[in-house]
Structure formats: structure tokens, C-alpha cells
Amino acid sequence: MTLFAKQATNLFKTNLSIKTIAMTSLALIFTSATTMAQADTTKIGMITTLSGGGSSLGKDVRDGFQLALKMSDNKDIELLIEDDGRKPAKAVQIADKFIQKDKVDILTGIIFSNLAMAVIPSAVKKGVFYVSPNAGPSALAGKGCHENSFNVAWQNDNLHEAMGNYANSADLKKTFILAPNYPAGKDALTGYKRFYKGEVAGEIYTKLGQKDYAVEISKIKASGADSVFFFLPGGMGIAFMKQYSQSGSKIPVMGPAFSFDQGILGAVGDAALGVKNSSQWNKDIDNEANKTFVAAYQKEYNKLPSLYSSQGYDAANLILSALKKSPVSDKDAFRKALKAADFASPRGDFKFGNNNFPIQDIYVREVVKEGDVLTNKIISKGLENHQDAYAKDCAM
């Protein structure tokens, strides 16, 4: 006998009035329906950078994610969004609130790896799923991997490895390298050096959020380098490129997409023309999923999507694809559904490795001008069907 039937029988036994029985029965039905509706709703907490340095990256991830949800017309997802201000302590506070008070099923959205390291290990151990649309620190790809943590973008080293490989093919013999002093910056230069066969003319770790690069540019010009590789995402890359161009240096620069992506090129200007950079996605990848994404994004936001937009879009579509197979409440089945990555990504084919990081192609792009708009076009494939170097240390 159901709980409702038992309660209704008890009411009759107590000789309550028909009116009372009817009202109580309706209340029970309403409570039951409300409980079922709440159980069927998937709650997602997005922690991302929406103010201060790097806010353009977080906004693009958010916009891509929300676009995918809108296109899916899934009414059973509740998305909560909060700004971490690029502060690890604040990100932890938001995560705790999302998990303890809001009872979210899934976390997502973090842009910077120092924030990811502060939030993800604790969250996934509490049984919450984390789907990363960006940060992929090496510590979470190797021994620190976890069955509830999935990265739909890349492992931090990957795009830099592709540029190290490109430098070899371009016969660059002496590269000066620099990146911010935080986990993703260290992964970046490690990745570049893992594939680059030439000499490192100089290596500098800058302050995260740094805006003045006069000292670094002076060292580059005096180093005898034949090329510069830098990873400076968001406003850091804009500041560096503007100052580098103003310095008059003719040493060619290159980097990952993070420093030459769509949202950054407008601010950098023509100084970026001809620069080579790496990405797992670009707007000219020829498949139907990408054509649909680019057109829908332009219609929704009246601008071209960025790499970060595509990653937010993929993160949402990964979650949506898993929800079609299983509710989050069945953790084993939902985890298996996430692992299957059964959706059409704008980047083309990819799959998860044993550590829940992508195995995928990474392209080399060149900054060009299409009319009055600076953008990127693919010129070659930097790495094919590539898996990160840390997967071997993951016990999954």
C-alpha cells in the first residue's frame, strides 16, 4: 500500500468529515506532485569569472552554456550563476553554498586553474559532479583524477604542446617563453617544452593579472631569440601584445588560442595579424554541429563565438546528453552517460580518456582579417588524436 493510500485509510477510520478528507487528500496529492517535480529537476551551479581580469572569458563560457540550454528547450534544469571575481576563497564560498544550501547536482564554469584546484577536489569527493568548460590542471589529470570530474575542453598542457610541435615544423631554433605564475602557466610552459626541440632563450613567470610588461619585453629583445611563445589569457595578453607592438620588436610571437581568441583580437588590433596560435576549435571547422553553433551564437549575441563560448556550449551539451540517458540521482548511470560523450561537438570528434579528459585533434590557426573583422583560420593540424601526458598516472 502506498503512503498516500495508508494516510487516506487512516483518515476514514477517524470518522473525519468528507470535506476534511477531501482537503487533506488534495494536500497530499499536491505535496507528492511537488516532491516528484523537485526530484526531476537537475540543479547546476556555475562558478565563473564575471568581473575583473578575465571576466570576458567567464562571460563567453556562460553565454555558450546558456545558449545550449536554450536550444535544448529542457525545462527540467535550474542554472544558478555566481561571480568568483577570480578569487579562490570566494570560489570556495560559492561552491560550499551551492552544495550545502542550494543542493546542486553539478558544478561547472571555473576559468582559472588556481580556483579549480581550490574547488574541484573537495566538491567531487562530496558526490557532486564537476564538468569543466575550461581549467584543466595537470594535478587533476594524473594522480588527482576523480570519477566525478570531467573536462570537456583540454588538459592545460595540450594547446601549448601543439605550439611546441608547430615551432619545430617552422624551424624555430631559439624561443623565449613566458606565462603567469599559477598552475595553468606552469602547465603551459611545461607543455611547450615537452614537444619543442630547440633552445629556450629565456623563461619567465609573470605575476597573475600583471599589466606592465616593459621589463619582460626588454629581456626578450636582448635574448637573441628567433621567436616568442607566451600564454597570457584575457587582459594580460591584450596588454602584452599592445606593449610588444609599441616596442618595435620584430621577433615573431605565437601562443595558444587563449591569447588570440575572438574576444581578444578586437582589443589587440592589427598587431595580432599573422600570429600563429593553437586551438581544438575554430569557427571554420567544417561540420554541421559547428555551423549550427556559430549561426545560433551570432543570432543570439550579435557577435562571433570565441573558443570559450564553444567550451561552455560543449559543457552544457555534454550534461544534456547524459540527462537523456539517466537522471543525476542514479550516479553510476549518469557517470557512465557523461563518459560516453554522446553529443555532436562543434570541434568534431573527441572522446574521454581514462582520466575523463579529452582525446582530440588540436589545430594551428593564423590571425587574419575578414573584411574589417580580425579572426582566425585553421592552417594545419598541430596534434592528432592527442591525449595528455598525465593520463598514465590516473588509476581510473
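Every number in this text was worked out from the coordinates using simple rules, so none of it is lab data. The shown structure was predicted, so the numbers you read here are calculated from the model rather than taken from an experiment. Here the Cβ positions follow ideal geometry from the backbone for every residue, glycine too, while neighbour counts run over all protein chains shown.
Charged side chains reduced to their Cβ positions (Lys and Arg at +1, Asp and Glu at -1) give the range 55-137 a dipole of some 260 debye around its Cα centre. Going from the residue with the fewest nearby Cβ atoms within 10 Å to the one with the most, Ser249, Ser278 rank Ser249, Ser278. Counted over the chain, the DSSP beta bridges are approximately 35% antiparallel.
Separation of the alpha carbons by more than 20 angstrom is noted, of Lys75/Lys125; Lys59/Lys299; Lys87/Lys242; Lys70/Lys299, for Lys75/Lys125; Lys87/Lys242. Over the chain, with a Gaussian network built from C-alpha contacts below 10 Å, which listed residue (Gln246, Gln66, Gln210) shows the highest mean-square fluctuation? With Cα springs under 10 Å in the chain, the top fluctuation among Gln246, Gln66, Gln210 is at Gln246. Computed on the chain, with alpha-carbon pairs under 8 angstrom and 6+ residues apart, the relative contact order is 17 percent. Neighbour counts of C-beta atoms inside 10 Å place Asp270, Asp96, Asp361 in the sequence Asp270, Asp96, Asp361, starting with the fewest. Taking other C-beta atoms within 10 angstrom as a stand-in for reagent exposure, His146, His386 fall in the order His146, His386, fewest first.
For the chain, the longest principal axis of the C-alpha atoms and the axis of helix 288-301 are separated by about 80°. Dipole check for the chain: with +1 at the C-beta of Lys and Arg, -1 at the C-beta of Asp and Glu, and the Cα centre as origin, the magnitude is about 820 Debye.
Extending 7 Å from Cα along the Cβ direction at Ser329 and again at Ile359 yields two label points whose distance is 3.5 nm. In terms of distances greater than 22 angstrom between alpha carbons, the cross-link table entries Lys291/Lys336; Lys186/Lys336; Lys186/Lys207; Lys193/Lys392; Lys186/Lys381; Lys221/Lys381 yield Lys291/Lys336; Lys186/Lys336; Lys186/Lys381; Lys221/Lys381.
Restriction of the trypsin sites (Lys or Arg not before Pro) in the range 214-305 to DSSP coil positions whose beta-carbon has at most 10 other beta-carbons within 10 angstrom yields Lys250. Count Lys and Arg as plus one, Asp and Glu as minus one, and take only other residues whose Cβ is under 13 Å from that of Val215; the net charge is then +2.
Among residues other than Gly191 with Cβ under 11 Å from its Cβ, the summed charge is -1 (Lys and Arg +1, Asp and Glu -1).
Measure nothing fancy, just the Cα-based angle from helix 331-340's long axis to the longest principal axis of the chain, in degrees from 0 to 90, nearest 10. Once rounded, one gets 40 degrees.
In a reduced charge model with +1 at each Lys and Arg Cβ and -1 at each Asp and Glu Cβ, the range 158-279 shows a dipole moment near 200 debye about its Cα centre. Once you reduce the range 362-383 and the range 229-265 to the center of their Cα atoms, the two points are 15 Å from each other.
Projecting the Cα atoms of Ala95, Leu318, Met396 onto the charge dipole of the chain, computed from C-beta unit charges around the Cα centre, puts Ala95 farthest toward the positive end.
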